[in-house]
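Enquirer: Here you go, one structure.
Just so you know, all these numbers are worked out from the coordinates, no wet-lab data involved. The shown structure was predicted, so the numbers you read here are calculated from the model rather than taken from an experiment. So basically every Cβ, Gly included, is an ideal-geometry build from the backbone, and we count neighbours across all protein chains shown.
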Amino acid sequence: MNRVNKKIDLLILSLLVFMFLIVGIVILSIRTENKLNVFIMLAVIFFIIMLTYLSNSVIGLITSSIIIFMYTSYILYNSITHNIDVEFLSYMWIIAIPISSIIMGNLNKNINELQHINTKLAEQYKELVTIDSETGLRNLKIFYNDVNMEISKSTRHNTNFSLMIVKLPYYGNLQTIFGENKTNKIVKHISSSIIECTRNEDIIYSLQKDMIGILMPSTSLEGSKVVKDRINKKIRELNLDLNNKGQYVNIDVKIAFLEYKDSFGDSINFKNIVEEELQYDV
C-alpha cells in the first residue's frame, strides 16, 4: 500500500507541475487578442481532467482525441483559408490535452486501487476484531468460537462447563432516562462487577448491548448458582454505591445459566436455550 501511496503522490505532483508549466507559459505568451482562446482552452483542459477523474482514462483519451481533432481542424482551416500562422500555444494545447488525461487517468486508477485496498483491509480488520469497544469484553463473534471449542473439549475429555447470561431487561428505559453515554458507563460498571464475581478461567462476553455472557469451564449447576448469588449481591452493592454518588438508578438484571448437555447442540443453540431460561428468573 505504501508503494501505491507514493505513486499517487508522484502523479499528483506531476499534474501540479504540469499545470504550473502550462499556466506559466500561457502567462508569458498571452497576447490581448488571444485571451478568449486561452480561457477556452484552459477550460477544456480542466474539463478533460474532471471527466477523466470522474470516469476513467479510456473515456478521457477518447474525448481528448475528439477535441484535438476538432481543434487541429480549426487551426488548419484558419491557416489555409485565412493564412493565419500556427502559434506555439496551439502546439502546446495539442500536447497538453492528452497529457492531462493520461496523468489524471493514472491518478484515478491508483486512487481506486488504494480505496479497494483500504476497503479490503477494513473488512479483514472487522473480521479480526474480537473485543467490544464499549465494554472491553470479548464480542459475540469470538463467543461462538470459544463455546464450540469448549463443547469439543467437553466431548473429548468428558468434562463439564456452564454458560450464564446476564441481561438488563430495562436497558431501553435506561437509555431514555440517562442517554446512551451514561447508560454505557452503567453497563461498564456491571461488567466490572461481574468480572469481580468470576474466576480467572471464566470468560466474559458482550453478547449484545443489554446482554453479557459468561463461559465457565469445569463448572456445574451448583457452581453457577454460587456465581449468580455473587452477581446479584454485587449489583445491589453497585446500586447503593451509585445512589450514594447522586446517580439515582436502580439496576435490575435477569440471570440464567445451564450446564452443557450433548442434546443442546452447538454454541448457537446452547446460547438460545440459556436465553429462554431468562424468563424464569423473577
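Enquirer: Of the residues that sit in the stretch 223-232 and are hydrophobic (A, V, I, L, M, F, W, C) and surrounded by 14 or more Cβ atoms within 10 Å (Cβ to Cβ), which one is nearest to GLU196 (Cα to Cα)?
Expert: ILE231
Enquirer: Check SER220 against each of (1) surrounded by 14 or more Cβ atoms within 10 Å (Cβ to Cβ); (2) in contact (Cβ under 8 Å) with a residue 24 or more places away in the chain; (3) of a type in the set (Ser, Thr, Tyr) and name the one condition it does not meet.
Expert: (1) is the only condition that SER220 fails.
Enquirer: Considering only residues of the stretch 124-153 that are in contact with an Asp or Glu (Cβ under 9 Å, 6 or more places away or on another chain) and touching a residue at least 24 places away in the same chain (Cβ under 8 Å), which is nearest to PHE264 (Cα to Cα)? Give the derivation first.
Expert: From the stretch 124-153, those in contact with an Asp or Glu (Cβ under 9 Å, 6 or more places away or on another chain) are 138-141, 144, 147-148, 151; that's our starting set.
Those still in the list that are touching a residue at least 24 places away in the same chain (Cβ under 8 Å) too: 138-140, 144, 147-148, 151.
On the way: ARG138: 23, ASN139: 22, LEU140: 18, TYR144: 14, VAL147: 12, ASN148: 12, ILE151: 10 Å.
So the residue we want is ILE151.
Enquirer: Could you check how many residues of the stretch 68-101 are in a helix (DSSP H, G or I), of a type in the set (Val, Ile, Thr) and more than 22 Å from THR52 (Cβ to Cβ)?
Expert: So the count comes out to 3.
Enquirer: Identify all residues within the stretch 223-245 that are touching a residue at least 60 places away in the same chain (Cβ under 8 Å) and of a type outside the set (S, T, N, Q); write none if there are none.
Expert: Within the stretch 223-245, GLY223, VAL227, LYS228, ILE231 qualify.
Enquirer: Next up: With respect to the numbered conditions (1) hydrophobic (A, V, I, L, M, F, W, C); (2) in contact (Cβ under 8 Å) with a residue 24 or more places away in the chain; (3) over 12 Å from MET164 (Cα atoms), which one is the sole condition not fulfilled by PHE270?
Expert: Answer for PHE270: the failing condition is (3).
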